[in-house]
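Student: Pasting in a structure now, in structure tokens, and then I'll have a few things to ask.
The values are calculated or read from the model by the stated rules, or taken from the named source; none is laboratory data. It should be emphasised that the depicted structure is a prediction, and the values quoted were computed from it without experimental measurement. Cβ placement follows ideal geometry from the backbone for every residue including glycine, while neighbour counts extend to all protein chains displayed.
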Amino acid sequence: MMHIESPRTDDAGVEQLLQARGVTAPRITPADIEAAIAGEHYFTAAEGAMCSTRGGMHDYAQFPAALHLMTFCVLIMRNGFRVVGVNEGPVSAETFDAELGRKMARQKALDQIWPLLGYQLRGAVHEASTQTCAATATRAGTAA
């Protein structure tokens, strides 16, 4: 049986493929995404509930087990915009891994940044092409 390796479809793999193909068109790269992030914060739903409880439960262990398994990642962008990624956590508390939960929640937050920066870049590309078309039309009008 022949083994055919599938191309990587993660962010870094796609960027590597585009570079190998010599693509030079404007695009958002994983480095652009990382550069747009000013800060990141992580907490479980139980930690968030603990901080929000007024006069209620004050013992972290009293919160339902499900809240201890849900991880949030809040990314603060350089312009102050915020995106939130949530990892619902595993079905079983025995398989909970805090580091993995943070990584998965962060990836979900990162997935939201791509379209935001894509929209911003598309606006810049459109503006540049509009200015180029206007300059070309002006030059053509003065040449006539």
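Student: Step by step: first the residues of segment 24-35, then only those that are of a type in the set (A, V, I, L, M, F, W, C) and farther than 14 Å from TYR119 by Cα, then the one that is farthest from the chain's Cα centre (by Cα). Which residue is that?
Tutor: For segment 24-35, the residue satisfying everything is ALA25.
Student: Hey, another quick one. From the list ASP97, ASP59, which one is surrounded by fewer than 16 Cβ atoms within 10 Å (Cβ to Cβ) and either farther than 20 Å from ALA109 by Cβ or among the aromatic types (Phe, Trp, Tyr) (or both)?
Tutor: Within the list ASP97, ASP59, the selection yields ASP59.
Student: I'd like to check something: does segment 97-111 contain any residue that is in contact (Cβ under 8 Å) with a residue 40 or more places away in the chain, part of a strand (DSSP E or B) and on the phi < 0 side of the Ramachandran plot?
Tutor: No, segment 97-111 contains no residue that is in contact (Cβ under 8 Å) with a residue 40 or more places away in the chain, part of a strand (DSSP E or B) and on the phi < 0 side of the Ramachandran plot.
Student: Go through (1) surrounded by 14 or more Cβ atoms within 10 Å (Cβ to Cβ); (2) over 30 Å from ARG122 (Cβ atoms); (3) of a type outside the set (S, T, N, Q); (4) modelled with pLDDT of 90 or more for GLY85 and report which single condition fails.
Tutor: Among (1) surrounded by 14 or more Cβ atoms within 10 Å (Cβ to Cβ); (2) over 30 Å from ARG122 (Cβ atoms); (3) of a type outside the set (S, T, N, Q); (4) modelled with pLDDT of 90 or more, the lone unmet condition for GLY85 is (2).
Student: Would you check which residues across segment 55-94 are of a type in the set (S, T, N, Q) and not in a helix (DSSP H, G or I) and list them?
Tutor: The answer is THR71, ASN79, ASN87, SER92.
Student: Hey, ARG102 hits all of (1) modelled with pLDDT of 95 or more; (2) farther than 24 Å from ARG27 by Cα; (3) exposed (fewer than 11 other Cβ atoms within 10 Å of the Cβ) but one; which does it fall short on?
Tutor: (3)
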